[in-house]
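The values are calculated or read from the model by the stated rules, or taken from the named source; none is laboratory data. Note that the structure is a prediction, hence the values are computed from the model and not measured. Positions of Cβ are backbone-derived with ideal geometry, glycine not excepted, and every protein chain shown enters the neighbour counts.
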Amino acid sequence: MATRDRADEADEAVEAADREAMVRDQIEARGVVDPRVLAAMRRVPRHRFVPAEWREEAYADCPLPIGHGVTISQPYIVAVMAELAAVSAGDRVLEIGAGSGYQSAVLAELGAEVFALEIIDALIEPARALLGELGYGPRVHLEAGDGSLGWAAHAPYRAILAAAAPAQVPQALKDQLAIGGRLVLPVGTWDQDLVLIRREGPDEFVEERVFPVRFVPMTGAAADYVE
């Protein structure tokens, strides 16, 4: 038992060093400055959110397959989206496309109450179980649903983040954003941009295109709308 415990401790030390290098070289060096986001990225064990066959690449600067034709986002993108969302402790946040639960865990580390939707049923129970095992369960409410319709029962949200790209911003997401809130999502079909939308009044939205990205398309009702 003692030998196994020492091996586990050694593995944890290596993984912590890998996370530190990921934050230093991939995220902080590329302009993410929010200390709370950087700390959250250092704490969340990304390797637990990828399939076993990809764990050696868990802290690489790239997205990785998690099955069912979808991926876990590149660490830099996760950090940028969290920083753009400007989440504070106690904020109610909607996440679209929870996948394996990694972004949910990062948001929970920031102190948010996360309402996460995933349209692929097979991903939900594994993500829910892992989030619970890692202690994020009380802060993350994960359900099956069409993210393009939002989750009106818990609106308004201080922040909304989406990990899939609609051709146009779904009106439901704008409607469910609190005044003063931020919506962060990729938008486009072949050419996509990461977009930040700030709601400054009941009918006043300010949109900023951040940089080009490549995400899987948003499905569900969002697929009915094309550019």
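Identify, from the list A155, A163, A172, A144, the residue that is crowded, with 22+ Cβ neighbours inside 10 Å and either modelled with pLDDT under 95 or within 22 Å of I124 (Cβ to Cβ) (or both). Step through it out loud before you land on a result.
Numbers: A155 fails: crowded, with 22+ Cβ neighbours inside 10 Å; A172 fails: crowded, with 22+ Cβ neighbours inside 10 Å; A144 fails: crowded, with 22+ Cβ neighbours inside 10 Å.
So the residue among A155, A163, A172, A144 that is crowded, with 22+ Cβ neighbours inside 10 Å and either modelled with pLDDT under 95 or within 22 Å of I124 (Cβ to Cβ) (or both) is A163.
Of the residues that make up the stretch 113-123, is at least one surrounded by 18 or more Cβ atoms within 10 Å (Cβ to Cβ) and within 10 Å of the chain's Cα centre (by Cα)? Even if it seems obvious, please write down each step before you answer.
At the first step, the residues of the stretch 113-123 found to be surrounded by 18 or more Cβ atoms within 10 Å (Cβ to Cβ) are 113-119, 123.
Retained after the next criterion (residues that are within 10 Å of the chain's Cα centre (by Cα)): 116.
The answer is yes; a qualifying residue exists.
Could you grab me the full set of residues in the stretch 137-177 that are without any contact (Cβ under 8 Å) to a residue 24 or more places away in the chain and of a type in the set (G, A, S)?
Hits for the stretch 137-177 are G137, A153.
Does any residue in the stretch 39-59 that is free of Cβ contacts under 8 Å to residues at least 40 places away in the same chain and under 19 Å from D25 (Cβ atoms) come within less than 8 Å, Cβ to Cβ, of a residue that is among the hydroxyl-bearing types (S, T, Y) and surrounded by 13 or more Cβ atoms within 10 Å (Cβ to Cβ) six or more places away or on a different chain, and which pairs are these?
From the stretch 39-59, the pairs are H47/Y59.
Of all the residues that make up the stretch 26-45, how many are closer than 15 Å to V78 by Cβ and assigned to a helix (DSSP H, G or I)?
The number of residues fulfilling the criteria is 12.
Scan the stretch 1-33 residue by residue and report those that are surrounded by 11 or more Cβ atoms within 10 Å (Cβ to Cβ) and at pLDDT below 80.
Those that are surrounded by 11 or more Cβ atoms within 10 Å (Cβ to Cβ) and at pLDDT below 80: D11, E12.
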